[in-house]
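What follows draws every value from the coordinates through simple rules; no lab data is involved. Because the structure is a prediction, the values reported are computed rather than measured. With ideal geometry, Cβ positions are generated from the backbone for all residues, glycine too; neighbour counts draw on all protein chains shown.
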Amino acid sequence: MRMSSNWITKLGQLSCLSFLRTNLKRLVFVHLAASLLVAPVAAPVSALANETATLSTTINAGVQVYEWRTKSTRPRGTVLAVHGTTQQAGCFESLARYLNAAGFNVVAMDLRGHGRSYFSHDPHNTRHEISYSKSAEDLARISKHLKNVSPRLPLFCIGESVGAGVVVRAASDHPDLFDGIILAAAGTSPHVFSLHMVAHDLVKGLSDLDRPLDIADYIRKYSSDDPRVTKEMIDDPLSRTMLTGKEILQTGAFIHRTPHQAKMLAPNISVLLINGEEDGIVKAESTQAILNNIPSHDKKLVTVPGCGHVLLGTSYLKKAIVSPVTDWLIYQTDSSQTAAIGHRRIQ
């Protein structure tokens, strides 16, 4: 019995939707894991990050770069931070102030397709579009500049969510670039949410992958139990609340490669992974998979109770998150200074 062309078309559509239901559901929420979600917090530190961050005039990377300098006359080192999807580099304002107090200079860069790099009205701005692989190249270029300017200062890199994937990519491509890396809320496998909520947006997104989708409701629903955090993210004029289906798929595909990329990290690099125990987006086992693939013997995973997904890119920081990050950086710089003194004595 021959089927009409209409029925063949409909069956093809149903088959396609069945496939997409399985795979895009995963990718959409990997994207949400990338940085939309923010942990419940204890104490606000400042207002919107980009209000007081210092725009760099010395680092020309094509993307926007922020700098916060410690008042210490003998800085311990430099920390370069990379944010997650939809956010912007100024979100590290509060973290930078904590690290400044501990003796570290802090630099943060916009990912391509984010922050000032996205909202620029320059039609020739090639960094308007999301490209995480090219963002990793931006990160490497900025890092080399920092090492040239301050060759004696240890250089560390923090990446949050999809930013963690960018850091892993840059560090694996350039094994001598960083003295250590911190991966916050790193993972590839999302928790399963209600498909009913996203079905309508999925259909719209699939019908036109370049159509902007409003994700503000997802931020409100999943970013945090604390309305101050969701309000901060949505109200930030440099954050994105619209993403296309293509950008969502790009994010999921990039993060999915992080465990494989982690295998290529240098065996002597120091690595700290930090996750929230209440992370409702990234599954703990996917973070463990990244940890297991890191060849370094100097690696550590800290899971903090009572915290959600985004831990560092917010004005509302928890001491339970900031303390292990700061302590690890101080330990690494103290250890390197002790090793350097010992090396000089041997000579």
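What to note about this one:
- Packing here is the average count of other Cβ atoms within 10 Å per residue, and on that basis the peptides 298-308, 161-171, highest first, run 161-171, 298-308.
- With 26 Å as the limit, the listed pairs LYS71/LYS319; LYS144/LYS318; LYS134/LYS221; LYS147/LYS299; LYS221/LYS299 have LYS144/LYS318; LYS134/LYS221; LYS221/LYS299 beyond it between alpha carbons.
- Two-site FRET efficiency, LYS231 against ALA266, from Cβ-Cβ distance with R₀ of 41 Å, rounded to 0.05: 0.50
- Peptide ranges 108-120, 91-103, 227-239 listed from the most packed, as the mean C-beta count within 10 angstrom indicates: 108-120, 91-103, 227-239
- Spin-label model, LYS300 to ARG74: label points 7 Å out along the Cα-to-beta-carbon direction sit 2.3 nm apart.
- Region 119-179 and region 75-113 have Cα centres separated by 12 Å.
- Calculated FRET efficiency for the pair HIS128/TYR331, C-beta based, R₀ 56 Å, to 0.05: 0.90
- FRET efficiency, ALA101 to HIS145 (Cβ-Cβ, R0 30 Å, nearest 0.05): 0.75
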